[in-house]
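Below is one structure, written out as structure tokens, with a few remarks after it.
FYI, it's all coordinate maths here, none of it is from the lab. The shown structure was predicted, so the numbers you read here are calculated from the model rather than taken from an experiment. When we count neighbours, we look across all protein chains shown, and the Cβ atoms used for this are built from the backbone with ideal geometry, even at glycine.
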Protein chains: 2
Amino acid sequence: MEPKIDVVLSPNLLELYDLSGKIVVVIDVLRATSTMCAAMSNGVRHIKPVATVEEALKHQGGDWLVAGERNGEKVTGFDFGNSPAEYTKDVVDRKQLVLTTTNGTKCILASTQADEVLIGSFFNYSKLGEYLKSSAKDVILFCAGWKNRVNLEDSVFAGYLVDYLKESHTWESDAVELVHLAATTAMNDLEAFLYNASHAKRFRRLGNHEDLKRCCAIDAYPSLMRYENDLLVPFDN
Amino acid sequence: MEPKIDVVLSPNLLELYDLSGKIVVVIDVLRATSTMCAAMSNGVRHIKPVATVEEALKHQGGDWLVAGERNGEKVTGFDFGNSPAEYTKDVVDRKQLVLTTTNGTKCILASTQADEVLIGSFFNYSKLGEYLKSSAKDVILFCAGWKNRVNLEDSVFAGYLVDYLKESHTWESDAVELVHLAATTAMNDLEAFLYNASHAKRFRRLGNHEDLKRCCAIDAYPSLMRYENDLLVPFDN
């Protein structure tokens, strides 16, 4: 029997899904999971996602880098914000990273019932797609959204993964149909498509269009990582 | 300032929206809100949506018709199920109707904070669109979904309404972008598009493709109704 694929469009919908025995892919394209891929590709040993600013700050010192955002802005006292551009090799290589974000890190912590919790963004698209295809397990694509609302960039990336898995996986889910449809349209010009999203509009107000553009770079940071013992650790196919 | 439009893709997301001062349109195309439009057009005086089978059964007798479904099937002891085809003029004219369904009726009862609660389906599309346009109030399109999951037919009808209101209303909502995109594609061949939905697949299993086809008949039962004092009552533009 072919493995199944489904999509959770917002954390508010997670309770409707049984994660046990499945692979969950957490998706927060702008910007938590993109940042994670960039940091991992540039050499961090592992990433600890935490729910609160206080918990993140406890890790300050030694070779820990403390990073994250609240409402899209860098937190006072943190080493980094949540832009992938900050995580260059010269500053993150061989370091440990603790990260807290408005949406994405909470979704990782909420998915621990799953068999495997992975991280997805356009940055690791093909490598992740290939892993999911070869694993032949049921997959849940978990979109972080924005403050529990559905957002376009996470939905579209989920749709990209559906497209990657359309021959290997089956579905009976309307959410899958919706995101696949959005992705099929977005594939013509991903950046322009996302630029129209309300999140992108908010980005424009914050002067961060560069990050949107950056996060659309498919396969730019092809790292795989899974959540194990409170840490995101790298692994290979 | 132009009025705003937003979409609630599932009852699980309703808590994120402030309904006060707004018009809520409850959408449960397959089949609660389609049935309501058919019954109203065929002469029922009003419709009482109730949450439970027990409450519905209390109304049996007199000129009350007791109707509804659980899990898509007619309830034992009820006069009608939830297919619009059953609500012909000869049986419903001048009667009172009490209705309970798996998804749609609950959404009406959850929306009473709003300024107005209206009923939407392809059956009353243009008339409803015209009313929303002329009212110039903020609009929330509330998709009932299927057991709190997002479904395609309600999302697509929400997208049709967005399309109707795209000149009169504005939005900063990614859910609006998603449903509008789906509707734009569906408009080429609505029935075929919905036939691919998982709900339609379930319908095929239940042998109810006729109802899907029926519920795609745009403007077939152009009735407006709003929820007032526990009843859905007809009104005109």
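Could you work out how far the C-alpha centroid of segment A:118-134 sits from that of segment A:64-96, in angstrom?
Segment A:118-134 and segment A:64-96 have Cα centres spaced 23 Å from each other.
Provide the percentage of antiparallel DSSP beta bridges, counting only those with both residues in segment A:5-235; round to the nearest 5. The partial results should precede the final answer.
Numbers: 11 of 35 bridges.
Of the beta bridges lying entirely in segment A:5-235, close to 30 percent run antiparallel.
Hey, what number do you get for the protein assembly as shown at 222 nm if only DSSP H runs of n ≥ 4 count, each worth -39500 (n - 2.57), divided across all residues, to the nearest 500? Don't skip to the answer; put the middle values down first.
On the way: 20 runs with 170 residues, N = 474.
Value at 222 nm, helices only: -10000 deg cm²/dmol.
In nm, to one decimal, how far is the B:Lys137 label point from the A:Glu54 one, both placed 7 Å along Cα→Cβ?
For B:Lys137 paired with A:Glu54, the spin-label model returns 4.3 nm.
Given springs between every Cα pair under 10 Å in a Gaussian network model of chain B, which of B:Thr102, B:Thr185, B:Thr33 has the largest fluctuation?
Judging by the Gaussian network model, the answer is B:Thr185.
Can you tell me which of A:Glu86, A:Glu153, A:Glu54 moves the most in a GNM of chain A? Springs connect C-alpha atoms under 10 Å apart.
A:Glu54
Need one word for the protein assembly as shown: rounded, prolate or oblate. Basis is the Cα gyration tensor (sqrt eigenvalues a ≥ b ≥ c); a/c below 1.5 gives rounded, then a/b vs b/c decides. Show your work: numbers first, answer last.
On the way: a/c = 2.31, a/b = 2.01, b/c = 1.15.
It is prolate, given that a/c is not under 1.5 and a/b is the larger ratio.
Suppose you put the label 7 Å out from Cα in the Cβ direction; list, shortest first and in nm with one decimal, how far B:Gly77 is from each other copy's label.
Ordered by increasing distance: 6.1 nm.
In peptide B:141-149, what is the residue-averaged number of other protein chain Cβ atoms found within 10 Å of each Cβ?
Numbers: counts 0, 0, 0, 0, 4, 1, 1, 4, 9.
Mean inter-chain Cβ contacts per residue within 10 Å come to 2.
What fraction of the DSSP beta bridges in the protein assembly as shown is antiparallel, stated in percent and rounded to the nearest 5? All intermediate terms of the calculation are to be shown ahead of the outcome.
Working: 22 of 72 bridges.
Here the share of antiparallel DSSP bridges comes out near 30 percent.
How long, wide and thick is segment A:54-187, going by the Cα atoms along their three principal axes, in whole angstroms, largest first?
Per principal axis, max minus min of the Cα coordinates gives 48, 30, 30 Å.
Among B:Gly68, B:Gly129, B:Gly21, which one shows the highest mean-square fluctuation when chain B is modelled as a Gaussian network with alpha-carbon springs under 10 Å?
B:Gly21
I'd like the distance between the alpha-carbon centres of segment B:1-56 and segment A:31-51, rounded to an integer number of Å.
43 Å
Whose amide H sits under 5 Å from the amide H of A:Thr102, counting only residues 5 or more places off or on another chain, with H placed in the peptide plane?
A:Glu69, A:Asn71, A:Gly72
Beta carbons within 10 angstrom, averaged per residue: use that to sort the peptides B:189-196, A:161-168, highest first.
On the way: B:189-196: 16.6, A:161-168: 18.2.
Highest mean packing first, the order is A:161-168, B:189-196.
Positive end of the dipole of segment A:5-235, charges at C-beta (+1 Lys, Arg; -1 Asp, Glu), about the Cα centre: which of A:Thr100, A:Ala136, A:Ala220 has its Cα farthest in that direction?
Farthest towards the positive pole: A:Thr100.
To check you understand DSSP bridge types, tell me what percent of the beta bridges within segment A:13-101 (both residues inside) are antiparallel, rounded to 5. Let's see the in-between values first.
On the way: 3 of 13 bridges.
Antiparallel bridges: around 25 percent, rounded to the nearest 5.
How long are the three semi-axes of the equivalent ellipsoid of segment B:53-108, in whole Å, if each is the root of 5 times an eigenvalue of the C-alpha gyration tensor, listed from largest down?
Three semi-axes, in Å: 17, 13, 10.
Report, as a whole number in µm² per second, the diffusion coefficient that Stokes-Einstein gives for segment B:7-104 at 37 °C and 0.692 mPa s using the Kirkwood radius over alpha carbon pairs.
On the way: Rh = 14.1 Å.
For these conditions, the coefficient is 233 µm²/s.
Translational diffusion coefficient of segment B:5-235 at 4 °C, 1.567 mPa s, Stokes-Einstein with Kirkwood Rh over Cα pairs, in µm²/s as a whole number.
This corresponds to a translational diffusion coefficient of 75 µm²/s.
Please report the net charge: other residues with Cβ closer than 15 Å to the Cβ of B:Pro3, K and R +1, D and E -1. Don't skip to the answer; put the middle values down first.
Working: positive: B:Lys4, B:Lys22, B:Lys133, B:Lys137, B:Lys166; negative: B:Glu2, B:Asp6, B:Asp18, B:Asp115, B:Glu116, B:Glu130, B:Asp138, B:Glu167, B:Glu172.
Taking every other residue near B:Pro3 into account, the sum is -4.
Report, in debye and to the nearest 20, how large the dipole of segment A:5-235 comes out about its Cα centre when Lys and Arg carry +1 and Asp and Glu carry -1 on their Cβ.
Values: 24 positive and 31 negative charges, 130 e Å.
Its charge dipole is roughly 620 debye.
First select every other residue whose beta carbon is under 9 angstrom from the beta carbon of B:Arg94; then total the charges, Lys and Arg +1, Asp and Glu -1. Intermediate values should be presented prior to the final figure.
Numbers: positive: B:Arg45, B:Lys95; negative: B:Asp63, B:Asp93.
Once all neighbours under 9 Å are counted, the net charge is 0.
In whole Hz, with x marking every Gly and Pro, tabulate ³J(HN,Hα) for segment A:107-123 from phi via Karplus 6.51 cos²θ - 1.76 cosθ + 1.60, θ = phi - 60°.
Once θ is set to phi - 60°, the couplings for segment A:107-123 become 5, 4, 5, 8, 10, 5, 5, 6, 5, 9, 10, 10, 10, x, 7, 4, 4 Hz.
Can you list residues from other chains, or at least 5 along the same chain, whose modelled amide H is less than 5 Å from the amide H of B:Leu65?
B:Gln96, B:Leu97, B:Val98
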